[in-house]
1. Using 0.36 nm times the number of residues separating Ala51 and Lys35, minus their current alpha carbon distance, what extension gain do you get?
2. Points 7 angstrom from Cα along the Cβ direction at Lys63 and Gln16: gap in nanometres?
3. Tell me, Lys53, Lys29, Lys35 in order of fewest to most beta-carbon neighbours within 10 Å?
4. Take peptides 40-49, 7-16 and line them up by average Cβ neighbours within 10 Å, highest first, as a rough protection proxy.
5. If you average the sequence gap of Cα pairs under 8 Å that are 6 or more apart and divide by the length of region 16-64, what percent do you get for the contact order?
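Coordinate-derived values only; no laboratory data. Predicted, not measured: the structure shown is a model, and the values here were computed from it. Heads up, the Cβs are rebuilt from the backbone with ideal geometry, glycines too, and the neighbour counts pull from every protein chain shown.
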Amino acid sequence: MRVAAVKERRYYVLVQVNQRWLDEILIGKGLARGKGVRPNLPNGQNWRVHADKLDALEAEAKKRGSELGAGRYRKRDREG
């Protein structure tokens, strides 16, 4: 399989809420996963440091169960 090169410029939006990054808030509450492109942050923080923090938050959220309710989307619920 071959992936076509993208020639268009891409822009990323990074949102802060009360001095915290929105991805940290959502992942910490179990409402999102840390996937996709991970650019360096505007405050100079390296993407790897931030990615490690997101991975830790995601693991912690998985242990707690998400605020949406652990098991809310069980297989039998999706089957009808």
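1. Difference between extended and current length: 4.8 nm.
2. Spacing of the two 7 Å Cα→Cβ label points: 2.9 nm.
3. Sorted ascending by nearby Cβ count, the order is Lys35, Lys29, Lys53.
4. 40-49, 7-16
5. Contact order relative to length: 42 percent.
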